[in-house]
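First up is the structure itself, then whatever we jot down about it.
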Amino acid sequence: MSSTSPRLLIISGSARTGSLTRRLAHAASLAATQAGFSAQELDLRALALPVYDGDFELAQGIPAGATELQQALLASDALLLLTPEYNGFPTPLFINAFDWLSRIQGGAGQPSGVAATANKPTALLSASPGALGGLRALNYVRQFLQMNFASLVIPQQFALGHAADAFDAEGGLKEERNRQAVQGVLDALAQLSRAVRPA
């Protein structure tokens, strides 16, 4: 991979063992190379972030995991965020992590948490055992990132339905149409990230 390749941060909103979303994130990571990205996956659960609580923040400050998320975002040129659907919404794991990110205040030459996502080219994927593939959750993720984090969320997205049967033994997507859909999202994201990336 060329050193000039845009750096893609891949975040899954599900971290459980056997997660379909994590499997899609892995497949997308492989496809990202074809789109010209240098890809890195980030495990939100490994950040060990407590549920956001203003009293906790006042007493103990911003957890180290929130700063780790901020630094990973600052080091990336683009973001690919994936989520399953929990009762029609994105996961608490994802929302909580970004809530903590938003609490990082800038100053003294240090960027704020929201500065790490502002104008960041971003793409969305989802996966679900159901027919809609988590599509309803993507609408909320798009609004959440655009309105609160100033992210540049591309219009192209993909929801993988019947995801329990969608992967082969190597972790790739079985069906060509699904592979093409993911690749199309990544290609569009790569095009935007190159267009806005500083020379």
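The residue pairs whose first member lies in region 7-22 and is within 18 Å of ALA48 (Cα to Cα) and modelled with pLDDT under 90, whose second member is of a type in the set (Gly, Ala, Ser) and surrounded by fewer than 24 Cβ atoms within 10 Å (Cβ to Cβ), and whose beta carbons are closer than 9 Å, counting only pairs six or more residues apart or on different chains, are ALA15/ALA46.
Any chance you could count how many residues in region 160-180 are modelled with pLDDT of 95 or more, among the small types (Gly, Ala, Ser) and in a loop (DSSP other than H, G, I, E, B)? Count: 2.
Listed by first and then second residue, the pairs with beta-carbon distance under 8 Å, at least 6 apart or on different chains, first residue in region 34-58 and on the phi > 0 side of the Ramachandran plot, second in a loop (DSSP other than H, G, I, E, B) and among the small types (Gly, Ala, Ser), are GLY36/SER5. In a residue-by-residue description of region 110-129, the property of being touching a Pro at 6+ places or on another chain (Cβ under 6 Å), closer than 19 Å to VAL196 by Cα and either hydrophobic (A, V, I, L, M, F, W, C) or assigned to a loop (DSSP other than H, G, I, E, B) (or both) applies to no position.
If you go through region 23-35 and keep only what is out of contact with any helix residue (DSSP H, G or I) (no Cβ under 9 Å at 6 or more places or on another chain) and crowded, with 21+ Cβ neighbours inside 10 Å, you end up with just ALA25. Quickly run through region 115-134 and pick out the residues that are of a type outside the set (D, E, K, R) and within 15 Å of the chain's Cα centre (by Cα). Those that are of a type outside the set (D, E, K, R) and within 15 Å of the chain's Cα centre (by Cα): ALA116, THR117, ALA118, ASN119, PRO121, THR122, ALA123, LEU124, LEU125, SER126, ALA127, GLY134. Listed by first and then second residue, the pairs linking a residue in region 107-124 that is crowded, with 22+ Cβ neighbours inside 10 Å and small (Gly, Ala, Ser) to a residue that is modelled with pLDDT of 95 or more and in a loop (DSSP other than H, G, I, E, B), with Cβ atoms under 7 Å apart and 6 or more places separating them unless they lie on different chains, are GLY113/ARG103; GLY113/ILE104. Would you check if ILE154 is in contact with a helix residue (DSSP H, G or I) (Cβ under 7 Å, 6 or more places away or on another chain) and farther than 20 Å from ALA28 by Cα? When the stated conditions are applied, ILE154 does not pass them.
In region 167-178, the residue that is nearest to GLN34 (Cα to Cα) out of those that are touching a residue at least 60 places away in the same chain (Cβ under 8 Å) and surrounded by 16 or more Cβ atoms within 10 Å (Cβ to Cβ) is LEU173. Going through (1) over 21 Å from ALA39 (Cα atoms); (2) surrounded by 22 or more Cβ atoms within 10 Å (Cβ to Cβ); (3) polar (S, T, N, Q) one by one, THR83 falls short only on (1).
In this structure, ARG103 does not qualify as closer than 21 Å to GLN34 by Cβ, at pLDDT 95 or above, more than 13 Å from the chain's Cα centre (by Cα) and of a type in the set (Lys, Arg).
The values are calculated or read from the model by the stated rules, or taken from the named source; none is laboratory data. Because the structure is predicted, anything quoted here is derived from the model rather than measured. Backbone-built Cβ (ideal geometry, glycine too); neighbour counts: all protein chains shown.
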